[in-house]
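Below: the structure, in structure tokens.
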Amino acid sequence: MKISEIRASGLLELYVIGTLEGEELKMIEKALSQYPELKADLNIIERTLQAYAYASAVSPSADLKERILEEARKSTPSSDGSSKNNKSKRNSNHGPLGGLIILFSLLSLFFAFNWFSSIQKMEEMEQRHQIENEACDSIQAASTLQFALYQDLTNPNNAIIANSAHPKYPQTEIYFYHNPVDKKNYLQLNSLPTIDDDSQSYQLWSIIGDNPPSPLDVFQSDNKILQVQHVEGTQVYAITIEQKGGVQSPTLDDLIGTFTI
Amino acid sequence: MQAEELVRRLKDQDEQALAYLYDQYAGSLMGIIIRILGNREAAEDILQRTMLKVWINIESFNSEKSSLYTWMATIARNTAIDKRRLKSFKNNQKTEPIDNVVYKKEGVKISTDAIDVEKLTAKLEPKYKDVIEHIYLMGYTQQETSEKLNIPLGTVKSRVRFAIKILSEELKNEKGLFLGILLIALLILLML
């Protein structure tokens, strides 16, 4: 920006007032270092605004001056109503050795405080680090399990078998993931008949030939995907509703569905 | 007292320098603060804080960047604006009509070469006076001024510039007139 453009922009005035910000502020600061002659413009603006402020002056209360001076005395580091010169005299009464002792004591206190603070902070950081590590480990473990489950369910060797629902429970919807190569079975439980969780469970059975059904997994309805036992040679897997905890022989009246391999 | 000497003595924590600073600038700073807050009691509290900030932070004042007065006015304005933004201030605010809280300072010694301040502002057209009052005395941002006065942002900038230009020229005329009268008086004295 040319100097004439800066002068015409009104930004110098806003710079003095103190309302410039962002890009405009950066531009004026750069221009002021680039064109030292703008300093004269700033002086004129400052004097003009000062005169304008005088024109708009308002009298404070008569006692405000004394209150301010009193506060100033309190806020002065060594102040008790005396001036800086007096302060140096007072300090000299202690002598150089006294000053050194006070300084040494203050420094010792400062370093001791810092040392304790550092130890405390370090302990806190270690604790936090440990907690975060544990959280990380559990997340990683859960993630590994999820990934393994995903791999099992998408395994190309899987046969996915829909259940043949028993007429008593026609709304039942279950998929059986059967992998004869890896010898793994999963149940995907989409819709099950309602049971009394306090007294009943679902139970999986393995049926081979004319042999009596072999009892397998017992489960409640809260697991949507569930790994279940694999029994070599099983021709039909069946699910029944049984008493809580499972039984050794199935209650065929409460047969939910079957999966023919 | 020259500005350099005043700053040096303030840096030495000379209480008399603070008293002098108050006598010179408290009224004009109060004029800014009271227009921002619209409340005399709160304005005096902020004026006190401003003076104490100046007293405590005088070491950070850089005369290369601005004059002492500009630095103080910026502190006063920012402190007052911070106060105005406080929720507690807004809730307890009992805004008085500006004429009730703002009245002309009596018996003020103007250090800027006996300028007739009434004349200085009387020459400003209302459209310029409005903008400079909002921006400089009432602590409005450019955007807020634009919205309040319903004028484009660019017009705010140009009106601030023209307002200060007009004030500056008026200031020169006042000084010229003062020097002229002084010269004539001296000539008359010499002739006698």
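So, in the range B:66-89, of the ones that are out of contact with any helix residue (DSSP H, G or I) (no Cβ under 8 Å at 6 or more places or on another chain) and either touching a residue at least 60 places away in the same chain (Cβ under 8 Å) or farther than 21 Å from A:S59 by Cα (or both), which residue ends up nearest to the other protein chains (Cβ to nearest Cβ)?
Filtering the range B:66-89 for residues that are out of contact with any helix residue (DSSP H, G or I) (no Cβ under 8 Å at 6 or more places or on another chain) and either touching a residue at least 60 places away in the same chain (Cβ under 8 Å) or farther than 21 Å from A:S59 by Cα (or both), the one nearest to the other protein chains (Cβ to nearest Cβ) comes out as B:D82.
Return the pair list, or none, for Cβ contacts closer than 7 Å from residues in the range A:239-256 that are in contact (Cβ under 8 Å) with a residue 40 or more places away in the chain to residues that are assigned to a loop (DSSP other than H, G, I, E, B) and open to solvent by less than 30 Å² (accessible area, probe 1.4 Å), at least 6 apart or on different chains.
From residues that are in contact (Cβ under 8 Å) with a residue 40 or more places away in the chain, the pairs are A:I241/A:P193; A:I241/A:I195; A:I256/A:T172; A:I256/A:P193.
Quick check on the range B:43-84: of everything there that is part of a helix (DSSP H, G or I) and of a type in the set (D, E), which residue is farthest from the chain's Cα centre (by Cα)?
B:E59
Taking the range A:1-29, which residues are open to solvent by less than 90 Å² (accessible area, probe 1.4 Å), assigned to a helix (DSSP H, G or I) and under 17 Å from B:T141 (Cα atoms)?
Those that are open to solvent by less than 90 Å² (accessible area, probe 1.4 Å), assigned to a helix (DSSP H, G or I) and under 17 Å from B:T141 (Cα atoms): A:S9, A:L11, A:L12, A:E13, A:L14, A:Y15, A:V16, A:I17, A:G22, A:E24, A:L25.
Search the range A:56-71 for residues being at the interface with chain B (Cβ under 7 Å from one of its Cβ atoms) and assigned to a helix (DSSP H, G or I), and hand back the single one that is most open to solvent (accessible area, probe 1.4 Å).
Checking each candidate, the answer is A:R67.
Kindly establish whether A:S75 is more than 24 Å from B:I132 (Cβ to Cβ), small (G, A, S) and at pLDDT 90 or above.
no
A quick yes/no check of all residues on (1) closer than 19 Å to A:G18 by Cβ; (2) surrounded by 14 or more Cβ atoms within 10 Å (Cβ to Cβ); (3) of a type outside the set (G, A, S):
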{"position": "B:E5", "(1), (2), (3)": "no, no, yes"}
{"position": "B:L18", "(1), (2), (3)": "no, yes, yes"}
{"position": "B:E44", "(1), (2), (3)": "no, yes, yes"}
{"position": "B:T50", "(1), (2), (3)": "yes, yes, yes"}
{"position": "B:I56", "(1), (2), (3)": "no, yes, yes"}
{"position": "B:S67", "(1), (2), (3)": "yes, yes, no"}
{"position": "B:T70", "(1), (2), (3)": "yes, yes, yes"}
{"position": "B:R77", "(1), (2), (3)": "yes, yes, yes"}
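Going through the range B:131-155 one residue at a time, which ones are without any contact (Cβ under 8 Å) to a residue 40 or more places away in the chain, within 8 Å of chain A (Cβ to nearest Cβ) and not polar (S, T, N, Q)?
B:I132, B:I135
What number of residues within the range A:30-55 are open to solvent by 50 Å² or more (accessible area, probe 1.4 Å) and either modelled with pLDDT under 85 or more than 30 Å from B:A42 (Cβ to Cβ) (or both)?
The qualifying residues number 9.
One residue is enough: does the range A:40-55 have a residue meeting the conditions of a type outside the set (F, W, Y) and more than 9 Å from chain B (Cβ to nearest Cβ)?
There is at least one residue in the range A:40-55 that is of a type outside the set (F, W, Y) and more than 9 Å from chain B (Cβ to nearest Cβ).
The values are calculated or read from the model by the stated rules, or taken from the named source; none is laboratory data. Nothing here was measured: the structure is a model prediction, and the numbers come from that model. Positions of Cβ are generated from backbone atoms using ideal geometry, with glycine treated the same way; all protein chains shown enter the neighbour counts. Protein only, heavy atoms only, side chains kept; ligands, DNA and RNA dropped before computing areas. Shrake-Rupley method; radii C 1.70, N 1.55, O 1.52, S 1.80 Å.
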